[in-house]
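What follows is calculated from the coordinates using simple rules that are stated; it is not laboratory data. Bear in mind the structure is a predicted one, so any value in this text is a computation, not a measurement. A quick note on method: Cβ atoms are made from the backbone with ideal geometry, for glycine too, and the neighbour counts reach across all protein chains shown.
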Amino acid sequence: MTTPHVPARSAAEQEKLEAAFRHLTEHQIAFNQILALKVHEFTGPNGTVCRFEMRPELVGHYLYGRLHGGVTAAVLDATAGAALMVAIGEKFAHETAEQVMHRFAKMGTIDMRIDYLRPGIGQYFHAQAIVTRLGGRIGSTQMRLVNEEGTLLATGAGAYVIA
């Protein structure tokens, strides 16, 4: 028995969806605006890279100018959410951008673990997240934060309600 082929969305509709992902992540989530978090790239059907620059408002250790641990956690959480949005968009490739965007209304963090490996020192940072499992109600992710030199600063794992 074969499953019926479900047509993927058009290239124009995919561009519309990616623009909507960016707008939601960068402009509609107010805390991401405080972080000045930007979607840097979509890394395939289940991943995202976000970027932000070091600023005095993000310092957690005033003597050394290190990134605040809460900023690290918030950025990894937001990047994981963005990766889940991409994966949900792929899972429902037959839906329009507008239909997919409505699926994010109930999305939220259930559990998250962050391992701080090195001091958060750098001029700018990249956060990467991949979806490790996308179920009907729960999604799981793995995340990492590096500075501009590629030094691994933190890793994380998260679980999210997605329906």
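Data overview
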read-out	value
C-alpha center-to-center spacing [the stretch 100-163, the stretch 59-82] in angstrom	12 Å
C-alpha long axis of helix 69-91 to longest principal axis of the chain, angle in °	10 degrees
Extension gain from Arg137 to Asp111, taking 0.36 nm per residue of separation minus the Cα-Cα distance	8.0 nm
Sequence-distant residues sharing a close amide H with Leu117 (under 5 Å, placed H)	Ala154, Thr155
Gyration tensor (Cα) of the stretch 102-142, equivalent ellipsoid semi-axes in angstrom	27, 13, 10
Amide H within-cut-off set for His40, under 5 Å, with H built and near neighbours excluded	Val49, Cys50, Arg51
Other-chain or far-sequence residues with amide H under 5 Å of Glu148's (modelled H)	Gln123, Tyr124
Net charge contributed by nearby residues that have their C-beta within less than 9 Å of Ala163 (K/R +1, D/E -1)	+3
Packing rank of 108-116, 127-135, where each peptide gets the mean count of other beta carbons within 10 Å, highest leading	127-135, 108-116
For percent of Cα pairs over 27 Å apart, calculated from these coordinates, the label among (i) 25; (ii) 41; (iii) 21	(i)
Value of [θ]222 nm, deg cm²/dmol, for the chain, DSSP H segments ≥ 4, -39500 (n - 2.57) each, nearest 500	-9000 deg cm²/dmol
Length-normalised contact order for the stretch 11-161 - Cα pairs under 8 Å, 6+ apart - percent	24 percent
Crossing angle, helix 11-23 versus the chain [Cα axis fit, 0-90 degrees, rounded to tens]	30 degrees
Listed peptides 81-89, 22-30, 34-42 by packing density, highest first (mean Cβ within 10 Å)	81-89, 34-42, 22-30
Computed magnitude of the charge dipole of the chain (debye, nearest 20; Cβ of K, R +1, Cβ of D, E -1)	320 debye
Cα gyration tensor, the stretch 9-72 - rounded (a/c under 1.5), prolate or oblate	prolate
